[in-house]
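Okay, so here's the structure we're looking at.
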Amino acid sequence: MTPELSEVERRMQPGAWYPPGFLQEDASLADVLANDARTLAELGVTAAQVGQRLAELLESGSESDWSRPFQTGEYKVEIRRRRGFITCPWAPDEFEPCTIGQLSRPTANEFLIQRRSSPQRLEGF
């Protein structure tokens, strides 16, 4: 069962499940999600399409590591493997698999995706 949005927001705050947090201290998760939805609508793409492309890029770079990126098309993909784990804030409980997506297990691995022709980058867990 997915927790209520207010509980997910609490978990994402600095010092909760991940010390630096996933949200800025004064950020509202509902506002972030609404802004993301507006941006996706303006771009004419769905969250599922973005998620699918992200999954494809991460899969293509699955053999990369720290400072050893994988080039795929116009993107550089780097999976930064770490020991331990950080639980997804949408998981039913802190040490359970995330119920969003493909029931992924908790991990502390980070990723970096950067378009070669741009300084913009996307980083996450």
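Odds and ends about this structure:
- Among the residues of the range 101-117, those identified as in a loop (DSSP other than H, G, I, E, B) and at pLDDT 65 or above are Ala108, Asn109, Arg116, Ser117.
- Leu57 being touching a strand residue (DSSP E or B) at 6+ places or on another chain (Cβ under 7 Å) and either within 30 Å of Glu74 (Cβ to Cβ) or not in a loop (DSSP other than H, G, I, E, B) (or both): yes
- In the set (1) of a type in the set (S, T, N, Q); (2) assigned to a loop (DSSP other than H, G, I, E, B); (3) under 30 Å from Arg10 (Cβ atoms), Ser62 fails one condition alone, (3).
- Considering the conditions (1) within 18 Å of Thr2 (Cα to Cα); (2) part of a loop (DSSP other than H, G, I, E, B), Leu23 is excluded by exactly one of them, (1).
The rows are residues; the columns are (1) open to solvent by less than 60 Å² (accessible area, probe 1.4 Å); (2) within 17 Å of the chain's Cα centre (by Cα).
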{"position": "Ser6", "(1), (2)": "no, no"}
{"position": "Asn35", "(1), (2)": "no, yes"}
{"position": "Gly51", "(1), (2)": "yes, yes"}
{"position": "Leu57", "(1), (2)": "yes, yes"}
{"position": "Ser60", "(1), (2)": "yes, yes"}
{"position": "Phe95", "(1), (2)": "no, no"}
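- Some residue of the range 78-90 being surrounded by 11 or more Cβ atoms within 10 Å (Cβ to Cβ) and more than 16 Å from the chain's Cα centre (by Cα): no
The values are calculated or read from the model by the stated rules, or taken from the named source; none is laboratory data. This structure is a prediction, so every number in the text was calculated from the model and none was measured. All Cβ positions, even for glycine, are placed from backbone atoms using ideal geometry, and neighbour counts span all protein chains on display. For the accessible areas, the whole protein counts, side chains as well, though only heavy atoms, and no ligand, DNA or RNA atoms are used. Shrake-Rupley method; radii C 1.70, N 1.55, O 1.52, S 1.80 Å.
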